[in-house]
Structures are given as C-alpha cells and as structure tokens.
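What follows is one structure encoded as structure tokens, with my remarks underneath.
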C-alpha cells in the first residue's frame, strides 16, 4: 500500500498555516457580508468594487487546482507553446470590451442573461441562464473533484474513496460558507488574497528549484534549449523553450492558428459566462469594467508563465539525472500529473511547504467560490424571480435597492454549493483511474454551453434578430456541433482541435439564432 503522507510530510507549522488560511477567508466572508440586504448589493457589491481588486479576482477565478497542477505538468512534458493561446485571449477580450460590456451596463440587470430578455423578449434570459447553470455545475464540480484528487494524494498518498470524499466535502463546505456570508464582495476580496498566495508560492518554488539545480541560470536555460520534445508518435515538436508552433496541423491545439481560433472561446468565457463577467459588473462604469478586464488579462499572462517555468525546472530536476548528478532527488516520479505536488511535499522546508499548499488551497477555492456565487445569481435573477413574477403577476422593480432579499440569495448560494459538491462526490464515486471518461467529459462541458451562448450574444449585439424560440434552437445547435465532433465517429475521427470546433459551433449557433426576428427593439 502507498505510504500515507499525512504524518510524514506535513509538520505542525504547515498545519497551522493551512488552518490560519481557512480562518482568514471565513473572516473575510463575515466582514464582506455586513449590511447586505438586497440582490444588487449581494451579487454586484453595489457596483462599488475597486478596479484593481476586480482584476485580481478575475485572474484568481480563471486559475484552479487544475491550473496549479496542470500548468507545471504541461511544461514538464512539453514546452511553452501553451502561452501562444494568450493571443486568442487578448483578441477575445477586445470583442467583449467593445461589444458586450457597454450593452450589459445599459441593461442594468443583475446577470448578463437579463440583457437578453430586454433585447430578445421574455424567456430568452431564462434559457441562457439554464444553459449556464448546467454547464457550470458540471464544469466546476469537476474542478472541485480534481482538487479532491490532489489533496487525497498529498495527504494520504492514495485515491481511496473515503479520502476523496473527505477532501471534496471539506472544500465544498468551506467555499460555500464564506461565499454565502459575504456574496460577491467576499468572492472578490478572498480571491485577491488567494491570488497573492498563489503567486507567492509559485515564486518561492522557482527560487528553491533554481537553488536545487546545480547549474547557473544561464546553463540551465541552455539545457532546456537543447532538450527536445516528442509527441506520442515520436515526432519532434521542438525544444523545451519553443514558444510558437507555426505548423498547420489541425489536430494540435497549441499552434498559432489554433490560438487565433481561441478568440471565440475567450469571447465566450469573458463575455457570456456569468462566472467571469459577474465581477466585472461590480465596478461603477463600463470604462472601469473594461479596465479591470484588461488588467486581469495583463496579469494572467505572467502568472501562467510562472507555472510553466516551474514545469520546465521540474523537468531538469526530475528528468535529467545527468544534469543533477549527486543532487538528483531520491524519490521516483511515477506520474507526471503529480510532479509539482510531489516537489512541494518532499523538497520544501517546513512552513514554506505549508504556504505552498495554501497556494493549492487558494487555487481550488478561487474557482469554487465564484462559481457558487455566479450560479446563485443566475438561479435567482434568471429562473426563480421570473417564475415567481409569472405566478404572482407582480412587476420587476426598477429600483436596485428593492431587487430581492439577500437572505433568499444566501439560501440559493447554499443550495448551489450543495449541488456542486454533490456532483463532485458523484464524480468521485464513479471515478475510474484507468478510464476516467467522466472527468474528461465534465471538464469540457462548458464548451457545450459556450458555443451556443456566444452565438446568441453575438446575435443580440450585432443584429435585430432572435427570439426565445431561435435562442433555444441556437443553444441546442451550438451544443450539437460540440457533441458531434466528440461523439460521432465520422466527425471525431477528423481529430479537429478544440479551438476550431468551438469556432464552428459559434458560427452555426449565430446562424440559427438569426433565423427569427426579434419582438423587442434593439438595445445594443
């Protein structure tokens, strides 16, 4: 049996640091939630949040335990071509800044899907909100499951079901409690703290790796430049420091052309996903929201680079015993997915190890808290309140101070947290390490919603077309394209890389949504 790591790797000071982190985020949640009495304040922070904090929260939300572990693993096994995808990220946020954010502020709704109701008629916001809720439930539940896997391996050295379930329940409860107490303000301020911890732990790991590698920095870079990367078929993919892949291989996701196609994915993520857009809408004006958006993107690129640099240094540390010599690590690396957690456990001093593991805590929590809050805001504003008005016949209030009860919203946050944790627990029970198709499916589930949502929002801001019927049809069409390339043999055998499939799904969704005229006047 694997040797449990709980007693041997973590010392008292490490546990005190982790416990202190948990206490601090709960305290922030309590502090942020004081005096919140309505949905406008609870879900949008009264539109008074500072730009710099929103930008940092945006970066923290985009990170996750998958990034914390997957970034180093990607560079360990490959090179730096992943950074090329940032080209599509910049282009995508340009689309969002120019087309979407001004329209959302003019609408003045709690969620971005409320804008669709104004633009395309009643029911369209609910349809888009339901698509978001289903996708985010599965995608963020999968992220919580991944965090559970990481901590089960770190604390116990195995993936025993009782260890997985404990880790998932702990994360789910902690994130739900402080998010329910403080709403979006708690999310933004805890995300800001968590990003600082993540960046600090990454920089510490780089410094310690550079000290452990018995070469000057210049020679270490030379080793990486002379190291070659091969794919599964043995084809040469360039050096470990290769940044741009100019090949026209449609099966590869990290080429320059795939990066350009990623514009569609990033426009969907930053412009149609309530999880990311919600914190932008907490600023006072469209200009400040756009400033936070570009500030977040400018910060996310070097943060991503930090984790890739860690992966490159770990390659030298673990995979180049000829370079390490007598300084080579004693333990064997059996799974490249755990290359970073393994280094954290065995090669960081006490206290520093606790801080680094707090970084892993932070990366898991920063994506969990925002998902819970965003799901609750959509469930309240796009599903519950429209249904309640339809039953009672009451009209929506134009006064932001009278929009809903924060206590109802807190209850919805708790419900969303329970549902998200529940899906993660189901994933843990069904998980098969040999054939983990469930987790692969769940991680990509947001693309099923993204293709349709982006097509619908582009129709809303660029045309006078679209109604509830065409919106539903467009959402189904976008998801259908993604499903076709994933499950239909004739299409899946083309091995078309994900960015191109996403772009195609968006085009189809846009075309379908434009088939019907809009019953409302154009607002964008």
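The values are calculated or read from the model by the stated rules, or taken from the named source; none is laboratory data. A quick note: this is a predicted structure, and the numbers were derived from the prediction, not measured. Cβ: placed from backbone, ideal geometry, glycine included. Neighbour counts: every protein chain shown.
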Handout entry: residue 463 under 17 Å from residue 264 (Cβ atoms) and in contact (Cβ under 8 Å) with a residue 12 or more places away in the chain
Key = no
Practice task
Could you tell me whether any residue of the range 115-136 is touching a residue at least 24 places away in the same chain (Cβ under 8 Å) and closer than 30 Å to residue 319 by Cβ?
Solution key: no
Exercise for the section: Scan the range 323-340 and give yes if some residue there is at pLDDT 80 or above, touching a helix residue (DSSP H, G or I) at 6+ places or on another chain (Cβ under 9 Å), surrounded by 14 or more Cβ atoms within 10 Å (Cβ to Cβ) and within 20 Å of residue 60 (Cβ to Cβ), otherwise no. Expected result: yes
Handout entry: Selection status of residue 62, under 25 Å from residue 170 (Cβ atoms) and within 15 Å of the chain's Cα centre (by Cα)
Key = yes
Exercise for the section: Those residues that are touching a helix residue (DSSP H, G or I) at 6+ places or on another chain (Cβ under 6 Å), more than 18 Å from residue 351 (Cα to Cα) and part of a helix (DSSP H, G or I), I need them from the range 184-214; list them, please. Expected result: 184, 185, 186, 187, 188, 189, 190, 191, 192, 195
Handout entry: Residues (closer than 16 Å to residue 188 by Cα and part of a helix (DSSP H, G or I)) located in the range 274-290
Key = 274, 275, 276, 277, 278, 279, 280, 288, 289
Practice task
For the range 30-147, please list each of the helices (runs of 4 or more DSSP H) lying entirely inside it that holds at least 1 residues being at pLDDT 90 or above and within 30 Å of residue 469 (Cα to Cα).
Solution key: 86-95, 101-107, 113-120
